[in-house]
Amino acid sequence: MLRYHVTTFGCQMNAHDSERIRGMLEELGLGEAPELEQADVMVFNTCTIREKAESRLAAHLALAKTIKDADPGRLLAVGGCFAEVQRERLFEQFPQVDFAFGPGSIATLGEWLAVERNGGASGSFGTGAQRRFAAELPGRRERAFQAWVQISMGCNSVCSYCIVPTVRGKEMSRAPGEVLAEVESLAVEGVREITLLGQNVNSYGRDLTAVERTTFAELLRACNRVEGIERIRFTSPHPKDFRGDVIAAMAECDSVCEHAHLPAQSGSSRILRAMRRTYDRGRFLALVAEMRAAIPDLAITTDLIVGFPGETDEDFAQTLSLVEEAGFDAAYTFVYSPRYDTEAASLPGQVPEDVKRERIERLIELVQATANERNERRVGGVEQVLVEGRSRTDDSLLRGRTRRNTTVNFTGRSEPGELVAVEIEGATSTTLRGREI
Ligand code: SAH
Ligand code: SF4
Ligand code: F3S
């Protein structure tokens, strides 16, 4: 039996796509190799959101080349966002690659493999007739009780720093009937927690026909009615599209978790305008206040960028103060990275590397302090935890996540997939500690 190995970079969308790549390869009769070194078919599902993603990939592809040089029978396929922006150029840069495919044409990997195994051609890029939802392919989930559910692909926003719209194309919503059918069959299979996925989940449905037209709030309510699904998460919403109906649905639906990942990007209205985010600091904070008022105990996490072109000390100070004012429970912090063909890459006032470094260090410090303080408030309380497995650092402890999406390491006897009550005894900036009761 031929064996495959998939290495995944990037966001949850890529994690979801990789599950579909695995499912498709297994349907073709391949088995999974635990390590790259043992795989006949080596697949890399790539990301291009920041420059660092690419330098990491280059190192991995160099290793794949060494493996291929020793055993030329192995196949190397590169998919995902980096492959999509590079297209044919990829083969010049990395001649060891046999096949490349974009995020909208995952199925072409299976088609190519069927030909290649009978002596087909190498060095081609998979072009599907049209973009297809990865969700249509068979999937192989990492955990039996948790699942990603793709609700849309692409992005219609025009954030001036971001390459995603170029790579993933215009936003296309998946038919609500298909989404629900998937959620229902997942529930039957024993899935208890779903995460609805899209680049901008809150604009879901706007492109559907009048007959199918469903808003994101309606989709949340429909998922909430599915028996057996006890936790519903979603990522990411865009603050500009986060309307009252979604807040009301979050507040009313028992299964929708008390967590929103709400990417702010910056605390400066001037920078937000240059980023083309279409909200300003005041509107963002008003939204946070509205959400907190409607959903008691809500956790809000965010994404922040430092060093966007033209960012002054004063703009950066506004981002720092936003972290305090909004009270983020966690934040992913990024150094601005110019991407090809994006508007921001050619803006004047690119910020020097040392200034970016100094700013990100200060931001991380503040984010950690804020997160730590918010986690400390949970100590003494009881949280519902979905058990995921053993603690990553201490094998004697179990690990799981609260409804607010915080990782908890705890003593107890429960099994992965169980929902248990855990008394919280300690906190760090990223985790809680406790004991099952
Ligand atoms: N669609 C999602 C996330 C897209 S990418 C959303 O809008 O929420 C994830 C994060 O990467 C973004 O939120 C942003 O903070 C960051 N990012 C995107 N492009 C970037 C760039 N050129 N440099 C640095 N960070 C970037
Ligand atoms: Fe990129 Fe903005 Fe779309 Fe998110 S909303 S994927 S940051 S363009
Ligand atoms: Fe990266 Fe593509 Fe996701 S660029 S962040 S893998 S949409």
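Atom-type composition of the exposed protein surface of the chain places 49 percent of the accessible area on carbon and sulfur (1.4 angstrom probe). Taking the Cα centroid of segment 201-248 and of segment 81-111, what is the distance between the two, rounded to the nearest whole Å? So the two Cα centres are separated by 33 Å.
A cut-off of 5 Å between modelled amide H atoms, ignoring neighbours fewer than 5 places along the same chain, links G79 with F44, N45, T46, F101. Using the alpha carbons alone, the radius of gyration of segment 254-306 stands to its Kirkwood radius in an Rg to Rh ratio of 1.03. If you take the alpha carbon atoms of segment 3-117 and fit the smallest convex hull around them, that volume is 93 Å³ per residue. If the Kirkwood radius is taken over C-alpha pairs of segment 225-328, then at 37 °C and 0.692 mPa s the Stokes-Einstein diffusion coefficient equals 226 µm²/s.
Screening the chain for whole DSSP H helices of 15 Å or more along their axis (Cα) with average Kyte-Doolittle hydropathy at least -0.5 returns 51-70, 176-189, 281-294, 313-326.
The mean of 1/r over all pairs of different alpha-carbon atoms in segment 127-189, once inverted, gives a Kirkwood hydrodynamic radius of 13.6 Å. When you filter the GluC sites (Glu not before Pro) in segment 331-365 for DSSP loop state and at most 10 other Cβ atoms inside 10 Å of their Cβ, nothing is left. Along its three principal directions, the equivalent ellipsoid of segment 254-379 from the Cα gyration tensor extends over semi-axes of 27, 16, 12 Å, largest first.
Where in segment 43-98 are there GluC sites (Glu not before Pro) that are in a DSSP coil and have at most 15 other Cβ atoms within 10 angstrom of their Cβ?
E88
What the phi angles of segment 258-265 give under the Karplus curve with 6.51, -1.76 and 1.60, with θ = phi - 60°, is a coupling list of 7, 8, 10, 8, 10, x, 8, 6 Hz, glycine and proline written as x. Translational diffusion of segment 343-394, estimated by Stokes-Einstein from the Kirkwood radius over alpha carbon pairs at 10 °C in a medium of 1.306 mPa s, is 104 µm² per second.
Inter-part distance, segment 185-200 to segment 1-28, computed on C-alpha centroids, equals 18 Å.
Taking every Cα-Cα distance in the chain and sorting them into 10 Å bins starting at zero, the pair-distance distribution P(r) comes out as 4, 19, 28, 29, 16, 3, 0 percent. Rolling a 1.4 Å probe across the protein heavy atoms gives the chain an accessible surface of 43 Å² per residue. In this structure, the amide hydrogen of S391, modeled 1.01 Å from its nitrogen in the peptide plane, lies closer than 5 angstrom to those of L397, L398, R399, counting only residues at least 5 positions away or on a different chain.
For a bin width of 5 Å, list the pair-distance distribution of segment 1-69 built from all Cα-Cα distances, rounded to whole %. Over segment 1-69, the share of Cα pairs per 5 Å bin runs 4, 17, 25, 23, 19, 10, 2, 0 percent.
For segment 377-404 versus segment 278-352, the spacing of their alpha-carbon centroids is 29 Å. In this rough spin-label picture, where each label sits 7 Å from Cα along the Cβ direction, the E252-T209 distance is 2.8 nm. Where both bridge residues fall in the chain, DSSP classifies roughly 30% of the beta bridges as antiparallel. The ratio of the alpha-carbon radius of gyration of segment 382-436 to the globular-protein estimate 2.2 N^0.38 Å is 0.93.
The values are calculated or read from the model by the stated rules, or taken from the named source; none is laboratory data. Predicted, not measured: the structure shown is a model, and the values here were computed from it. So basically every Cβ, Gly included, is an ideal-geometry build from the backbone, and we count neighbours across all protein chains shown. Side chains included, ligands, DNA and RNA excluded: accessible areas come from the protein's heavy atoms. Shrake-Rupley method; radii C 1.70, N 1.55, O 1.52, S 1.80 Å.
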